[in-house]
Amino acid sequence: MTSDIAAILAIDGIATGAVYALVAIGTVLIFTVTRVIFIPFGDIAAFTALTLAALDAKRFPGTGALVVILACLATLIEIISLARSGEFRLLPRALSFYLVLPLAVVGVAWLVMLLDPPLAVRLVLALMLITPIAPLLDRIVFRPIADGTVLLLLTVSVALHFALVGLGLLFFGPEGVRTEPLTSFSTEIAGVLVSGQTMLIVIAGLVFSGLLYLFFDFTLVGKSLRATAVNRTGSRLMGIRPARAGTIAYLLGSLMAGVSGILIAPVNTVFYDSGFLIGLKAFVGAIVGGMTSYPGAAIGAVGVGILESFASFESSALKDVIVFSLLIPILIWRSLASLHSEEEIEE
């Protein structure tokens, strides 16, 4: 391996790691607020790539039908919950959030598609269609068991991933897609040719990390999310609703998954089931940060991307084995370095 090859592999690894960093940060965000290890995060990223490919082909994506079905299920569950508690005054707000708003997003996207929109508008449409998915899944699947153990939530999350893989095959089909690059710009850095797509990926990772830092440290909503992450019972006593905080976390996470899908679609062929490996490799990065630190998760994810890049050069068949083998020493290190306590379950 020459220094030029090492530089190329490092740049490719940093770009891949930046995508993993977005997914890892979103995974940590959802986990700290809701205690859910959201395994389907990568699936949402893959669905975004498939959605954008369908829009590029001037076809309305299956994401629209998926959002409509999830919205109807979430609305039904919310109505039953409100009826049991007798809080019918909250029904109009529930209908507007879980039914009217998602259906309006799908309707607007369908109307705009009739006008043959440019690439920038198609990117916005893809994000619009994908953003409601995680909050709707939260209401359907995780909200009813919000006070369950972390192990129960993880088990349900894995089951949800397999359900989404089946839905992905149903709504998007088995074909792989690769979208057109977002830019044709390229430049030379230290004698190594760097594409504009790679630069976009790295810039997006840095920008979103910075925006999250500003959001959590300087906005009231961000501080309420942090309070919920630290102590759900205490935040509830202070007037913060953990359910609403969880919804905001899922909205942000879904948006970050969407951006990840848009960035990875031009550089990798994406299938309906490609999201699992994306999410799992990002999860390895999140583990480095202890599932609590956003900078730690980002650094760990970039490290995973670099390791994967060099491992694929040495042995493309074993690159995933090498990456996931990293979990073993990390988990041992985290187990020895962390203080253990019995999990408290809220009544």
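Just a few scattered comments:
- Extension gain, R226 back to I79 (0.36 nm per residue minus Cα-Cα distance, nm): 50.0 nm
- Per-residue ³J(HN,Hα) for segment 52-64, Karplus 6.51 cos²θ - 1.76 cosθ + 1.60, θ = phi - 60°, Hz, x for Gly and Pro: 5, 4, 5, 5, 4, 7, 6, 10, 6, x, x, 4, x
- Cleavage-rule hits (trypsin sites (Lys or Arg not before Pro)) in segment 1-80: DSSP loop, at most 12 neighbouring Cβ within 10 angstrom: K58, R59
- All lysines inside 29 Å of K281 as judged from Cα atoms, apart from same-chain residues fewer than 8 positions distant: K223, K319
- Note on T269 and V158: their simple-model spin labels are 3.0 nm apart, each label 7 Å out from Cα toward Cβ.
- Shape category assigned to segment 1-155 from the gyration tensor of Cα positions, a/c cut at 1.5: oblate
- Kirkwood hydrodynamic radius (C-alpha pairs) into Stokes-Einstein, the chain, 4 °C and 1.567 mPa s, D in µm²/s: 62 µm²/s
- Chymotrypsin sites (Phe, Trp or Tyr not before Pro) within segment 203-237, DSSP loop, no more than 14 other Cβ atoms inside 10 Å: none
- Segment 94-105 - phi-based ³J(HN,Hα) in whole Hz, Karplus 6.51/-1.76/1.60, Gly and Pro as x: 5, 5, 5, 7, 8, 10, 5, 5, x, 5, 5, 4
- In order along segment 247-252, the phi-based Karplus estimate (6.51 cos²θ - 1.76 cosθ + 1.60, θ = phi - 60°) of 3J(HN,Hα) comes to 4, 5, 4, 5, 4, 5 Hz; Gly and Pro are listed as x.
- Probe 1.4 Å, protein heavy atoms only - accessible area per residue of the chain in square angstrom: 48 Å²
- Each helix, a run of at least 4 DSSP H residues, gives -39500 (n - 2.57); summed and divided by the residues of the chain, these come to -23000 deg cm²/dmol at 222 nm.
- Atom-type composition of the exposed protein surface of the chain places 70 percent of the accessible area on carbon and sulfur (1.4 angstrom probe).
- Descending by average beta-carbon neighbour count within 10 Å, the peptides 62-74, 296-308 line up as 296-308, 62-74, the highest first.
- Highest-first arrangement of 260-267, 175-182, 112-119, where packing means the average Cβ count within 10 Å: 260-267, 175-182, 112-119
The values are calculated or read from the model by the stated rules, or taken from the named source; none is laboratory data. Given the structure is predicted, the values throughout are model-derived calculations rather than measurements. Because the Cβ atoms are built from the backbone with ideal geometry, glycine has one as well, and the counts that use them run over all protein chains shown. Note: accessible area is taken over every heavy atom of the protein model, side chains too, but ligands, DNA and RNA are not part of it. Shrake-Rupley method; radii C 1.70, N 1.55, O 1.52, S 1.80 Å.
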